[in-house]
Amino acid sequence: MKKLAVVGAQWGDEGKGKVVNYFSRDFEWIVRFSGGANAGHTIYVGDKKYVNHLLPSINPVIDSKGFLGAGMVIDVGQLVEELKILERDFPGISSRFYLDPEAFIVLPWHKEEDLLLEKMRKVPIGTTGRGIGPAYTDKASREGLKLFVLFDEALLRERLEAIYHMKRSKYNRDFAVSIEEMLVYLQGFRAELERLSVNFTSAVDMYRVFRSTSVLFEGAQGVLLDLDFGTYPFVTSGACMAHGVSSVGFSTFELDGVYGVLKAYTTRVGAGPFPTEESSGVGDLLRERGKEFGATTGRARRIGWLDLPALRYAKIRSGLTGLVITKGDVLNGLDEVKICVAYDVDGVVKELPSTSYDFFRAKPIYETASGWPVTDHVNFLKYMTFIERETGVEIDYISYGPKTEEMKTSNDLIMNI
Ligand code: IMP
C-alpha cells in the first residue's frame, strides 16, 4: 500500500496544502507529522477556501482520514477553531480526525514566551509568534505538556504547576494567564474535542493500520527551515523533512516516494539568509501577483529567483524522488527569468552547499531563461526541463492556480504545447 511524503523544498509556503489535497483522493490517511499552527495550509473545496494550520489537508468531500502525529505541537484552541469551521460545512468531519495523545500542547504561556524571547534576541528570527519554539524547547527540556494529560484532572494540575513554576523561575516574572485560568481554558477544549467526537489513538495503535493502507505524510514548512538542516538559527523548531515521519513510527525507507513542492521562484518569511532575494522591482511585482503574504501572520513574504543550489541541497537532505512545481503562472509575461545555478561562497563556486552555513555567505551566480506568456508554452517547458536536468529530479506535476483541480502532469503540459 502506497506511502508518500510531501515536503516543502524551499523555505515553506510552496503550496503543500493544495498539493496534498490534490493527492488525497488516492490515500486513506493524511498524516501531519511535525510543526504546529505556524503552518498555513490552504485548500479549496469548489470555490471555498479553507486555511488549516493544524489539520491535515484531507479532502472533506472524500472519505479520507487525518492523523496528527506525536511530532506535532498542538494549540488546542486553534484546533477546535479549525474543526468548527469545517464542521459548519461538512457536519461530522471531526470524527475523521485522530490525534496522537503523545503530541505536545502549545499553551498560551508558550506564545507569551515566544514574543518575550523574540524581543530579547539580538537578531530576531521573525517567528510567527505561535509558541512553536518554546513548546518544542519545553518538550526537549522535559517541561512539556502532552495531550493525554488533558484527560487526567489531577495530573493536569500537577503538570501545569510544575511548568509554571519553572517558567516563573526562569523569567522572574508572572505570565498573563494564571494556573487556575489555564486549567479552565484547557478543560473547555477537552469538552469541545469530546463533543466534536475527535479521536485519540497513538501511532502504536495505528502501527498495523498504517502499514496495511495508503498513507500520505504532509510536511510542514520547508527543508531550509528544518531545525537540523535548515539555515540555523533562522529555522523553525520542528522537522520539516521526510525524516519527520519517524514520529509516526515510520522509517523513510518505507516511503515509496518523497515529493518536494517548489515554487517557480522562491519566497521566505522572517529573517535569515536568502541568496537570490530581489528586494525591489520584480520582487515587488511577484509579491503582488503571487499574493505573497503569509497565510498565518499576513506578513509580506520576501521574494527571490529560483535557487538551484538550494534545491539540490533539499533533494539530498530530504531524499526527494519527484517534484511538484507551483505558481509558474506568477512569472507569466516576464521577458526574462533569472535562475541561480551556483553560489560563489567566499570565492569558491559551489553547485551544492556543503553545509547550511554556505547559505549565509553565498553570492548567487545566475543564468537567464526566456520568459513565457502562459505556462502552456515551450519556454516554460524548457524552464522545467532545465530544473530537472540541474537537480536530477523529475517534475511530475504542475500546479497552475490555487484550486485543487488546477493541477496537471508534465505529460499534460507537453500535450498542450
Ligand atoms: P516559528 O516556527 O514560528 O518559530 O518561526 C521560525 C521561522 O520559520 C520564521 O522565520 C518563520 O517565518 C518561519 N516559518 C514558520 N512556519 C512557517 C511556514 O509555515 N511558512 C513559512 N515560514 C514559516
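Things worth noting here:
- Lone unmet requirement of (1) outside any loop (DSSP other than H, G, I, E, B); (2) within 16 Å of the ligand (Cβ to nearest atom) for Lys84: (2)
- Conditions (1) within 19 Å of Gly244 (Cα to Cα); (2) surrounded by 24 or more Cβ atoms within 10 Å (Cβ to Cβ); (3) touching a Lys or Arg at 6+ places or on another chain (Cβ under 8 Å); number of the one not met by Phe97: (1)
- Number of the exception - Ile30 against (1) surrounded by fewer than 24 Cβ atoms within 10 Å (Cβ to Cβ); (2) more than 12 Å from the chain's Cα centre (by Cα): (1)
- Considering the stretch 1-51, the qualifying strands (runs of 3 or more DSSP E), each wholly inside and each with 1 or more residues that are at pLDDT 95 or above and of a type in the set (A, V, I, L, M), run over 3-8, 29-32.
- Filter result (within 10 Å of the ligand (Cβ to nearest atom), part of a loop (DSSP other than H, G, I, E, B) and either in contact with a strand residue (DSSP E or B) (Cβ under 7 Å, 6 or more places away or on another chain) or closer than 25 Å to Arg25 by Cβ (or both)) within the stretch 208-247: Thr236, Gly238, Cys240
- Looking across the stretch 104-126 at every residue that is surrounded by fewer than 23 Cβ atoms within 10 Å (Cβ to Cβ) and outside any helix (DSSP H, G or I), the one that is farthest from the ligand (Cβ to nearest atom) is identified as Lys122.
- Residues (within 16 Å of the ligand (Cβ to nearest atom) and surrounded by fewer than 17 Cβ atoms within 10 Å (Cβ to Cβ)) located in the stretch 251-272: Ala271
- Scanning the stretch 1-48 for residues that are within 11 Å of the ligand (Cβ to nearest atom) and among the aromatic types (Phe, Trp, Tyr) gives a single hit, Trp11.
- Cβ-Cβ contacts under 7 Å between residues 6 or more apart (or on different chains), taken from a first residue in the stretch 107-128 that is in contact (Cβ under 8 Å) with a residue 12 or more places away in the chain and under 17 Å from Lys139 (Cα atoms) to a second residue that is more than 11 Å from the ligand (Cβ to nearest atom) and among the aromatic types (Phe, Trp, Tyr), are listed as Trp109/Phe175; Glu112/Phe175.
- Taking every residue in the stretch 154-165 that is at pLDDT 95 or above and pairing it with any residue that is among the hydroxyl-bearing types (Ser, Thr, Tyr), at least 6 positions away or on another chain, the pairs with Cβ-Cβ distances below 9 Å are Tyr164/Ser178.
- Scope the stretch 119-177; condition hydroxyl-bearing (Ser, Thr, Tyr) and out of contact with any Lys or Arg (no Cβ under 9 Å at 6 or more places or on another chain); matching residues: Thr127, Tyr136, Thr137, Ser141, Tyr164, Ser169, Tyr171
- Yes/no for Thr391 being hydroxyl-bearing (Ser, Thr, Tyr) and either at pLDDT below 95 or surrounded by fewer than 17 Cβ atoms within 10 Å (Cβ to Cβ) (or both): no
- Residue in the stretch 396-410 that is in contact (Cβ under 8 Å) with a residue 60 or more places away in the chain and over 24 Å from the mean Cα position of the chain (by Cα) present: no
- Strands (runs of 3 or more DSSP E) (entirely within the stretch 284-397) containing at least 2 residues that are polar (S, T, N, Q) and over 28 Å from Asn52 (Cα atoms): 362-370
- Any hit, the stretch 131-152, residues being within 15 Å of the ligand (Cβ to nearest atom) and not in a helix (DSSP H, G or I): yes
- Asp346 among the acidic types (Asp, Glu), in contact (Cβ under 8 Å) with a residue 12 or more places away in the chain and at positive phi: yes
The values are calculated or read from the model by the stated rules, or taken from the named source; none is laboratory data. These numbers come from a predicted model, not from an experiment. Backbone-built Cβ (ideal geometry, glycine too); neighbour counts: all protein chains shown.
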